[in-house]
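Input: a single structure, listed below in structure tokens.
The values are calculated or read from the model by the stated rules, or taken from the named source; none is laboratory data. What you are looking at is a predicted structure, and each value in this text was computed from that prediction instead of being measured. Positions of Cβ are generated from backbone atoms using ideal geometry, with glycine treated the same way; all protein chains shown enter the neighbour counts. SASA here: full protein model, heavy atoms, side chains in, ligands and nucleic acids out. Shrake-Rupley method; radii C 1.70, N 1.55, O 1.52, S 1.80 Å.
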Amino acid sequence: MIRFLDMSNQTFFWYYLASNLAYLVMLIVALKTSALHQRKLESHRLHWFKDAPMTPPITIIAPAHNEEASIRVAISNLLELDYPQLEVIVVNDGSADRTLEELREAFRLRPVRAVYVPESKSAAIHGLYRSDRDARLVVVDKEAGGSKADAVNAGLNAATSPYVCVVDADSVLERDALLRIMVPILADPKRVVAVGGIVRVLNGSEVEGGQLRRVRLPAKSIEAIQVIEYLRAFLIGREAWAQGNMLMIISGAFGLFRTDLVRAVGGYRSQAIGEDLDLVARLHRYLREKGFDYEIRFVPDPMCWTEVPSDLRSLGRQRARWQKGLLDVLWPSRDMLFRRPYGRIGWLALPYLW
């Protein structure tokens, strides 16, 4: 028994030592890259991108399931984002409430006959609608697919832009979020195939009309801890991994992808529990097997704000789903471990996740 306890202590000691050393290295890398990003940001003029006629179009895909209370404000805010060529696709994912009716009344939807090619697997489509109030808005009405991935696939099939931006319907984006997330792509459009943006905790902040008015810390300790956690995960973890082109996750709350590549890997896997991690892992596999020279980048500017769980039960359910989603990706990707074609993904990124 004493020998077992001694071995356990040794195991935990070396595990925590390795973990903290890894975090220290990531912190150093993140500090350097954040400082470099701030210096680069001073030379960028976002209004140039906004006014440039060659800025590539973006399609925002926003899945919505039973969002009648907030859907009007949320979609109005998406349409007001600063970006020259924008398409917004709202996917009504089998809502049982008045989500579709709210959209129809607010944006004067009319049925349209359009070519809809189901390249990515999703549940059956009931109809397509376009807004008479703002022609950039398209609504896809479909049966409930049981997952966000299924809803995003339906939006992906209807998208017409070379880039798609996947967001949560209840997320709050800053007005220049799309301009900022496009900076790495505009700097190197051939190599940069996807970009993740930072997600911040909205709890406690003042929101008026769907717009963030004042950033404040939440009063509950369980929410305040998540503020620190999100800052660590994004500003240290993802910042550092992206510098080595080993970023394995782009948050489902706010991420930008090249449309043709997402379609090339079959879209989102409908049954994936962690659809955001799953898609990025499959993109890495596809691009490395094809021998492409590519980068998946991260932008550390605060651009997207989202609500986090405010009680232990909700937090527990969320984290259990995250861990199941992680295992759901790691097990099918086990054949990538320590194999030369997958490079640093197989030798560093995946073993670290394990």
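Would you check if there is a residue in segment 297-309 being more than 25 Å from Asp260 (Cβ to Cβ) and among the basic types (Lys, Arg)? Break it down stepwise before answering.
Narrowing segment 297-309 to residues more than 25 Å from Asp260 (Cβ to Cβ): 300-302, 305-309.
Cutting the leftovers down to among the basic types (Lys, Arg) gives us none.
No, segment 297-309 contains no residue that is more than 25 Å from Asp260 (Cβ to Cβ) and among the basic types (Lys, Arg).
Taking segment 53-105 as the region of interest, how many residues are in contact with a His (Cβ under 7 Å, 6 or more places away or on another chain) and in a helix (DSSP H, G or I)?
0
Please specify each residue of segment 190-214 satisfying the condition of being loosely packed, with under 14 Cβ neighbours inside 10 Å and closer than 24 Å to Ala242 by Cβ.
Matches in segment 190-214: Lys190 only.
Go through segment 106-127 and report how many residues are more than 18 Å from Arg263 (Cβ to Cβ) and outside any loop (DSSP other than H, G, I, E, B).
Selection size over segment 106-127: 7.
Determine, yes or no, whether Glu143 is closer than 23 Å to Ala253 by Cα and open to solvent by 20 Å² or more (accessible area, probe 1.4 Å).
yes
Report, by residue number, each residue of segment 242-277 that is β-branched (Val, Ile, Thr) and either more than 19 Å from Val167 (Cβ to Cβ) or not in a helix (DSSP H, G or I) (or both). Let's see the steps before the verdict.
Narrowing segment 242-277 to residues β-branched (Val, Ile, Thr): 249-250, 259, 262, 265, 273.
Those that are β-branched (Val, Ile, Thr) and either more than 19 Å from Val167 (Cβ to Cβ) or not in a helix (DSSP H, G or I) (or both): Ile249, Ile250, Val265, Ile273.
Is one or more of the residues making up segment 307-321 part of a strand (DSSP E or B) and surrounded by fewer than 22 Cβ atoms within 10 Å (Cβ to Cβ)?
At the first step, the residues of segment 307-321 found to be part of a strand (DSSP E or B) are none.
Within segment 307-321, not a single residue is part of a strand (DSSP E or B) and surrounded by fewer than 22 Cβ atoms within 10 Å (Cβ to Cβ).
Given the options Glu229, Glu223, Glu239, name the one that is open to solvent by 40 Å² or more (accessible area, probe 1.4 Å) and of a type outside the set (Val, Ile, Thr). Before you say what the answer is, go through the steps one by one.
Details: Glu223 fails: open to solvent by 40 Å² or more (accessible area, probe 1.4 Å); Glu239 fails: open to solvent by 40 Å² or more (accessible area, probe 1.4 Å).
Sole residue among the options that is open to solvent by 40 Å² or more (accessible area, probe 1.4 Å) and of a type outside the set (Val, Ile, Thr): Glu229.
Need the failing condition index for Ala187 against (1) surrounded by fewer than 23 Cβ atoms within 10 Å (Cβ to Cβ); (2) touching a residue at least 40 places away in the same chain (Cβ under 8 Å), just the number.
The number of the failed condition is (2).
Open to solvent by less than 60 Å² (accessible area, probe 1.4 Å) and at pLDDT below 90: which single residue out of Asp168, Asp150 fits that description? Before you say what the answer is, go through the steps one by one.
On the way: Asp150 fails: at pLDDT below 90.
Criteria check complete, one pass: Asp168.
State which residue is nearest to Asp260 (Cα to Cα) when the search covers only segment 51-75 and only residues that are out of contact with any Asp or Glu (no Cβ under 9 Å at 6 or more places or on another chain) and of a type outside the set (A, V, I, L, M, F, W, C).
Within segment 51-75, the match that is nearest to Asp260 (Cα to Cα) is Pro56.
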